[in-house]
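Okay, so here's the structure we're looking at.
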Amino acid sequence: MRARQLITKLRPAGGLALVGLLGWTTADALNEALVYRECQRLALEKATKNAELSEQLGLPLTPGPWYNASIGLTHRDNMANCQFTLLGSKHSSDIYMRVVRTKGPRSTLLYNLIGPANWEVLLMEASVSAGGGLSRNISLTDIAKPHKGEAVS
């Protein structure tokens, strides 16, 4: 009789734990999806402006399927590493990028939903065919040029 009473009392706690776990998993998946979409947007923007890449892949450029992509958030979700395929009318390319978020809400999910959602590109490269089964990378990273008189390290 006591075991049945104990189970009856613990059942709501188990349900609450399950709902909490489901909520956390959903928020995490939404967070990664929002960062992934922002990475795609940034890559498409830079890839279309790059004449060499546009010529090799052929326009229009579209992102490949999401299931062939990967994303990893590091440094308390302040930095993201994204890899996905970019498809053109002639060829395709793998895009590798590392982005970091600017200041805003501590939660990356809130940052993407109601904050500035401004991710700065640290590194972006496209891996393209170099012929003979080899590949080469085309940098899509904007490298700031030093002002006159500034030392270059």
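Out of the range 19-66, which residues are farther than 18 Å from Leu87 by Cβ and of a type in the set (Asp, Glu)?
Asp28, Glu32, Glu38
For the range 97-120: of the residues being part of a strand (DSSP E or B) and touching a residue at least 60 places away in the same chain (Cβ under 8 Å), which is surrounded by the most Cβ atoms within 10 Å (Cβ to Cβ)?
From the range 97-120, those part of a strand (DSSP E or B) are 97-101, 119-120; that's our starting set.
Still in the running and touching a residue at least 60 places away in the same chain (Cβ under 8 Å): 99, 119.
Details: Val99: 21, Trp119: 23.
Going through the qualifying residues, I end up with Trp119.
Restricting to the range 47-78, and then to whatever is in contact (Cβ under 8 Å) with a residue 40 or more places away in the chain and within 15 Å of the chain's Cα centre (by Cα), can you tell me which residue is farthest from Tyr111 (Cα to Cα)? Full working, then the answer.
Just the residues of the range 47-78 that are in contact (Cβ under 8 Å) with a residue 40 or more places away in the chain, to begin with: 47, 50, 52-53, 56-57, 73, 77.
Now narrow it down to the ones that are within 15 Å of the chain's Cα centre (by Cα): 73, 77.
Numbers: Leu73: 14, Asp77: 11 Å.
Here the residue is Leu73.
Here is a list of conditions, (1) closer than 16 Å to Ile138 by Cα; (2) open to solvent by less than 30 Å² (accessible area, probe 1.4 Å); (3) not in a strand (DSSP E or B), and Cys39 meets all of them except one; can you say which number that is?
Of (1) closer than 16 Å to Ile138 by Cα; (2) open to solvent by less than 30 Å² (accessible area, probe 1.4 Å); (3) not in a strand (DSSP E or B), only one is false for Cys39: (1).
Of all residues in the range 57-96, count the ones that are among the charged types (D, E, K, R) and not in a loop (DSSP other than H, G, I, E, B).
Filtering the range 57-96 for residues among the charged types (D, E, K, R) gives 76-77, 90, 94.
Among the residues that remain, those that are also not in a loop (DSSP other than H, G, I, E, B) are: 94.
The qualifying residues number 1.
I need a count of the residues in the range 4-36 that are surrounded by 13 or more Cβ atoms within 10 Å (Cβ to Cβ) and modelled with pLDDT under 80.
Final tally of qualifying residues: 0.
Based on what the data block shows, is Leu44 open to solvent by less than 50 Å² (accessible area, probe 1.4 Å) and under 17 Å from the mean Cα position of the chain (by Cα)? Steps first, answer last, please.
Working: open to solvent by less than 50 Å² (accessible area, probe 1.4 Å): yes; under 17 Å from the mean Cα position of the chain (by Cα): yes.
Against the criterion (open to solvent by less than 50 Å² (accessible area, probe 1.4 Å) and under 17 Å from the mean Cα position of the chain (by Cα)), Leu44 qualifies.
Take the conditions open to solvent by 50 Å² or more (accessible area, probe 1.4 Å) and part of a helix (DSSP H, G or I) and apply them to Glu52. Does it pass? Spell out how you get there, then give the answer.
Values: open to solvent by 50 Å² or more (accessible area, probe 1.4 Å): yes; part of a helix (DSSP H, G or I): yes.
In short, yes.
Is it the case that some residue within the range 75-89 is exposed (fewer than 13 other Cβ atoms within 10 Å of the Cβ) and touching a Gly at 6+ places or on another chain (Cβ under 9 Å)? So that I can check it myself, show each step before the final result.
Taking the range 75-89 as the starting set, the residues that turn out to be exposed (fewer than 13 other Cβ atoms within 10 Å of the Cβ) are 75-76, 89.
Next, from what is left, pick out any that are touching a Gly at 6+ places or on another chain (Cβ under 9 Å): 89.
Yes, the range 75-89 contains a residue that is exposed (fewer than 13 other Cβ atoms within 10 Å of the Cβ) and touching a Gly at 6+ places or on another chain (Cβ under 9 Å).
The values are calculated or read from the model by the stated rules, or taken from the named source; none is laboratory data. These numbers were taken from a predicted model, which means no experiment stands behind them. Quick reminder, even Gly has a Cβ in these numbers, built from the backbone with ideal geometry, and neighbours come from all protein chains shown. Just so you know, the surface numbers come from the protein's heavy atoms only, side chains and all, with ligands and any DNA or RNA stripped out. Shrake-Rupley method; radii C 1.70, N 1.55, O 1.52, S 1.80 Å.
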